[in-house]
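For reference, the structure discussed in these notes is given below.
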Amino acid sequence: MRGSIHDEAVELLLSSMSQKGGEGLPTSFYFGKPGARQWERNFGVDFYYKANKLNRAALYVREKGPAYLKYLAISDIWSLLQDFVRENYWYLMSDTFFIQFDGSYAERISAIAKLQFSDALAVSEIFQPRNQLTLFPLVSVQVKSDFDSEVFFLTEPGSLTASKLPSNIDHQQIAPAKFPPLMDFKGRQEFPNSWLGIRAPAIRVSNKMKAAILGALALTPLPRYRHSFSDRKMFGGYCSIGDSMTFAFGAAHTPPLMQNILITKQDHVWLNTLSLKLAKNERAVRRQIKALEYFYRAWELEPSDRFSVLCMTLDAIFGINDTATQAVIDGVKNTLGHHISDSRLRQLMQLRASVIHGGAPDVYDSRKYGRYYDDYEADPIHDLELVAATCLRLQIFGGALKEHPDPNAQIIAEAQAKGRLPKNLSLGTILEDFPTSDTL
């Protein structure tokens, strides 16, 4: 007995299928030999899926299968498995066609047919996916030095050339400077400052990866600029390029920053680290990617709404089961150093507990918020974001991801010299003495 991942997945999948309805989900379709064209599918079949058992099969495939499956919802994996059954029912035909039987398909199908079904699953697009390219137009990100990896690229519009595009499309029809990037499109047109291109098997996967990538980009501006927004015109959407090309307009992918994020050669090291992690399946790495997704969600929120999502960011990277609060405290101190004030960090975590566990739906409603302000003369929301951002940079990127230089450093220095700004701009934050973080 082989006992491979594919064998076990087939056993679980067949256990979800039966001829008896009961509480099952009915399905019917025409089939033929694998790869048959639609008019060659001349055999019809009706059966039922038991939802709880199909869910078990989907969870197993998600856990044991390729890394991209971790970015998909369970309902998406249901659809992939059902599509696989429709495409490969031929292997089950001799044991089921015109035969009435009780029990599940797993009990009925022969060992030989199961092996054929398993071999088909091993080479299916579930386990051997084909990537498509999804292009996301970015407005507040400017690329000075193009980055390209196996998983994603960041490029200025003029660099969206044949080398970055699928070989099966007519590159002469691509207009890289505009969105949608189609030469003959006559409708609404916008002009991005850069392109984020992601190579993944499905648009949902690309969207999840986009959140992690942009969450990492959100770590690069100094705190004073990360949430400094303008009224400039923004747009978003995507263009997916596979066997065909589709596009849609949508919400902007980043907030309308006052200062564009600039991607230079110095960013390529951490971008490459992120690309490698996006393709990994290890649990610890997956937690890091989720933490970046949470940080991305927090980016454009109001401070009071941002606080709870930042708590989730720390929980994602440090939290362990029922000991989340202590695990976060230990994780932060181990990452930033034990010189971080223990009492101040614990008070910040008490405010976190108040918000997360329903004591204060709005962080400003918690008495612990005012107490923290009184004790330390600092905003706990700002402090929590400093802790989360610095931990993400160190835990995920080993310090390779550096905050970008202050684009207004000279103007600020001149204003300080003329007495228009205080000499000391310190906000008295929890990381005031931390050597690698700009705390303003």
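For the reader, a short list of remarks on this structure follows.
- Cα-based shape type of segment 314-359, given that a ≥ b ≥ c are square roots of the gyration tensor eigenvalues and the cut on a/c is 1.5: oblate
- Packing, as the average of other Cβ atoms within 10 Å across residues, places the peptides 375-383, 239-247, 10-18, 31-39 in the order 10-18, 375-383, 239-247, 31-39, highest first.
- Å² per residue, accessible surface of segment 305-421 at 1.4 Å: 48
- Charged side chains reduced to their Cβ positions (Lys and Arg at +1, Asp and Glu at -1) give the chain a dipole of some 340 debye around its Cα centre.
- Only lysines eight or more places from Lys402 in sequence, or on another chain, were considered; those with a Cα closer than 25 Å are Lys144, Lys208, Lys210, Lys265, Lys277, Lys280, Lys290, Lys333, Lys423.
- For the chain, the fraction of C-alpha pairs more than 37 angstrom apart is 40%.
- Rel. contact order, % - alpha carbon contacts under 8 angstrom, at least six apart, the chain: 13
- Other residues with beta-carbon under 11 Å from the beta-carbon of Tyr376 carry, at +1 per Lys or Arg and -1 per Asp or Glu, a net charge of -4.
- The Gln350 and Asn408 beta-carbon pair, evaluated with R₀ = 45 Å, returns a calculated FRET efficiency of approximately 0.80.
- Cα centroid separation, segment 28-52 to segment 312-361: 52 Å.
- Chain lengthening between Ser94 and Ala177 when straightened (0.36 nm per residue, less Cα-Cα): 24.3 nm
- The overall shape of segment 207-265 is prolate: from the C-alpha gyration tensor, with semi-axes ordered a ≥ b ≥ c, the ratio a/c is 1.5 or greater and a/b exceeds b/c.
- Note on Ala162 and Gln189: the extension gain reaches 7.6 nm, defined as 0.36 nm multiplied by sequence separation minus the Cα-Cα distance.
- Apportionment of accessible area to carbon and sulfur, the chain, percent (1.4 Å): 50
- To the nearest ten degrees, helix 303-318 and the longest principal axis of the Cα atoms of the chain are 60 degrees apart.
- Descending by average beta-carbon neighbour count within 10 Å, the peptides 249-259, 215-225 line up as 215-225, 249-259, the highest first.
- Residues within the reach of a label modelled at Arg286 (point 7 angstrom out along Cα to beta-carbon, backbone nitrogen below 15 Å), restricted to segment 40-60, are 56-60.
- FRET efficiency, 1/(1 + (r/R0)^6) with R0 51 Å, evaluated for Lys418 and Glu63 via beta carbons: 0.25
- For segment 9-78, the solvent-accessible area works out to 51 Å² per residue, with a probe of 1.4 Å and every protein chain left in place.
- Gyration tensor (alpha-carbon) shape descriptor, segment 1-70, a/c threshold 1.5: oblate
- Ranking Gly359, Leu217, Cys239 by how far each Cα lies toward the positive end of the dipole of the chain (charges on Cβ) leaves Cys239 at the top.
- Over all other residues within a Cβ to Cβ distance under 9 Å of Ile430, the charged ones net out to -1, with Lys and Arg as +1 and Asp and Glu as -1.
- Label zone of Asp374 (point 7 Å out along Cα→Cβ, amide N under 14 Å): in segment 346-368 this covers 366-368.
- A dipole drawn for the chain from +1 and -1 charges on Cβ atoms has a positive end, and of Asn207, Leu386, Ala57 the residue lying farthest that way is Asn207.
- Principal axis dimensions, segment 97-236 - Cα atoms, whole angstrom, descending: 67, 41, 28
The values are calculated or read from the model by the stated rules, or taken from the named source; none is laboratory data. Please read these numbers as outputs of a predicted model, since none were measured by experiment. Glycine also receives a Cβ, built like all others from the backbone with ideal geometry; neighbour counts cover every protein chain displayed. Calculation scope for accessible area: heavy atoms of the full protein, side chains included, ligands and nucleic acids excluded. Shrake-Rupley method; radii C 1.70, N 1.55, O 1.52, S 1.80 Å.
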